[in-house]
Structure formats: C-alpha cells, structure tokens
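These notes are about the structure you will find just below.
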Amino acid sequence: MTTRTALVGGGASGIGHAVAAQLAKDGYRVVITGRRPDALDAAVSALGGGDVSALVNDMADPDAAAAALAEVQRRHGALDVLVLNAGGPPPGRILDVTDDQWQQAFALLLLGPLRLARLALPRMAERGFGRVVVVTSTAVRRPQPDLAASVVLRSAVTAAATLLSREFAAHGVTVNCVAPGPTDTARRREILASRGADADQADLAVVPAGRAGRPEEIAAAVAFLATEAAGYVNGTVLTVDGGRTETT
C-alpha cells in the first residue's frame, strides 16, 4: 500500500487539528501548517505517534505556497492530499468590515488557497492522483449577518473549488468542499461570546441533532474525501451540520 502525504492547513487547533489526527491514524504522512511555531509544536506533541510534522507557514504571504510545497517535497517527495483550512476572520456585519479587514480575509481565505491549488494540482495530475479538500462553512448557504467577511469569501472559495474540480478530474484529481455547521471549537466559542447571553441555545435551536458537532466528525468527512474510494466524488459540497441546512 502506498503511503500518502497530506498537508493540512490550520492544523494546530480545531477542525484542522482533528483532520490531522484522523489522517495520521489512517496512516498518512501529515504536515500541519500554521503561523505560530509554539502552537504547532504543541499540536505535533499532542498528536503523538505516526508521521506528523509541523511547518510554519502564513497562508496570506505571497511566497508561502511555493515555500510550503517545496518543503513538503523535500521531506516526502510529493504531496497527495491538500486540506485547505484556515481560521475565519473576526466577526462583523457587512457594513462594519473595513477595507483592511477585507484585504486580510481575502488573502487568507481565497488568494492563499488558490496559490496552493495552482501549484499543487498540476503536480498531482502528473502522478495520476490527488485530493484537495476545502473546509468552508454552512454559513455560505445560511448567511449569518455577523460573519460577513467569512460568508462572502467562503462563498467565493466554494465557487473557486467548483471550477478547480473540472481542471484535472480526468487525471485522478478531485476537489471538494466540506461545510461544517456549528462545531465545538474555540472559534465558535469566540463568536458566541460576541453575540451575548443565550447565543448557544439560539444557535442550536435550528439544528435537528440538538447539539454542536465535534471536530472529529468534520475530520471524518474530510478523511473520506481524501481516500481512493472517493475518486468519483468531485466538485461537491459535503455538508456536516446535524441536519440544519435544507438541501432539497
């Protein structure tokens, strides 16, 4: 069996950390990225066994994509699975987001991932296998007014992923999105705190499952899309939200 290599953005915490843990458990060589060396080192230690390493990398840096892929190639020879995951921008309503905040969020959520995809996909196609999974949000389908920058830019990322999915599908490369609903992460707790008392109850009132998701449940969806078995799943958005989003 071929050992695959996965690059996981935002792997120090939350959903990215859970994805890294699941892929490591499944036997992948995993490289987690993020901006804070201390957090990455702690995450690698927490993940324990398996072939897991860290790479300090700022997705918003124009040179970051090429540097990350070059380092993965140096360590492991090739990249097979790319998980595009980044923390969301600060909460804010559509007219309250400043120009600088839009630019920062654009670089992190859209431009950075596109740079990585532009470099990674052709190389995957040359080898006849590749999986790109973009972690977005169900807020794309159910816009939340106080998450304006995330909603707008993750909508753009979803459209970009659809276009990317058409480029190399005939060469064994798939591009899909996983859209989590309310998930028990530090990011969600930050958002709830900004909304005030009873925000958690109100948020979960429209979730048929009656609870927030666990990061491990989102990771399981990402891990499936990374497999060879998911080779005919392409250009789709896999919603993981306890039934909150109506899709019919």
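Please list, in order, the residues from the range 50-73 whose amide nitrogen is less than 19 Å from a point placed 7 Å along the Cα→Cβ vector of Asp41.
So the set is 52-58.
Using the alpha-carbon atoms, what tilt in degrees (0 to 90, nearest 10) does helix 37-47 show relative to the longest principal axis of the chain?
Taking the Cα atoms of the chain, the angle to 37-47 is about 80 degrees.
Can you list the residues, at least 5 places off or on another chain, whose amide H is less than 5 Å from the amide H of Leu238, using H built in the peptide plane?
Placed amide hydrogens put Cys177, Val178, Ala179 under 5 Å from Leu238.
In vacuum, with every alpha carbon of the range 143-197 counted as one equal point scatterer, what does the Debye formula give for log10 I(q)/I(0) at q = 0.23, 0.28, 0.29 Å⁻¹? Two decimals, please.
-0.94, -1.14, -1.17
Just the ratio, please: alpha-carbon radius of gyration of the range 120-226 over 2.2 N^0.38 Å, N its number of residues.
Scaled against compact globular proteins, the figure is 1.26.
Using a basic spin-label model with each label point 7 Å from the Cα along Cα→Cβ, how many nm lie between Gln201 and Leu95?
3.1 nm
Given a 1.4 Å probe, how much area per residue of the chain is accessible, in Å²?
Result: 48 Å² of accessible area for each residue.
Sort 173-182, 108-117 by packing, meaning the average of other beta carbons within 10 Å per residue, with the highest value first.
173-182, 108-117
With only Lys, Arg, Asp and Glu charged, each at its Cβ (+1 for the first two, -1 for the last two), find how big the charge dipole of the range 66-128 is about the Cα centre; round to the nearest 20 debye.
Charge dipole, the range 66-128, about its Cα centre: 320 debye, nearest 20.
Eigenvalues of the Cα gyration tensor times 5, then square-rooted: what semi-axes does that give for the range 1-135, in whole angstrom, largest first?
That gives 26, 18, 12 Å for the three semi-axes.
Can you pull out the GluC sites (Glu not before Pro) in the range 190-248 whose DSSP state is coil and whose Cβ has at most 15 other Cβ atoms within 10 Å?
Glu246
State the percentage of accessible surface on the chain attributable to carbon and sulfur atoms; use a 1.4 Å probe and exclude ligands, DNA and RNA.
Result for the chain: 53 percent of the exposed heavy-atom area is carbon or sulfur.
Determine Rg/Rh for the range 167-248; Rg is computed over alpha-carbon atoms and Rh is the Kirkwood hydrodynamic estimate from the same atoms.
1.08
The values are calculated or read from the model by the stated rules, or taken from the named source; none is laboratory data. As the structure is a computational prediction, the values presented were derived from the model and not from experiment. Here Cβ is always computed from backbone atoms with ideal geometry, including for glycine, and neighbour counts include all displayed protein chains. Please note that ligands, DNA and RNA were not included when accessible areas were found on the heavy atoms of the full protein model with its side chains. Shrake-Rupley method; radii C 1.70, N 1.55, O 1.52, S 1.80 Å.
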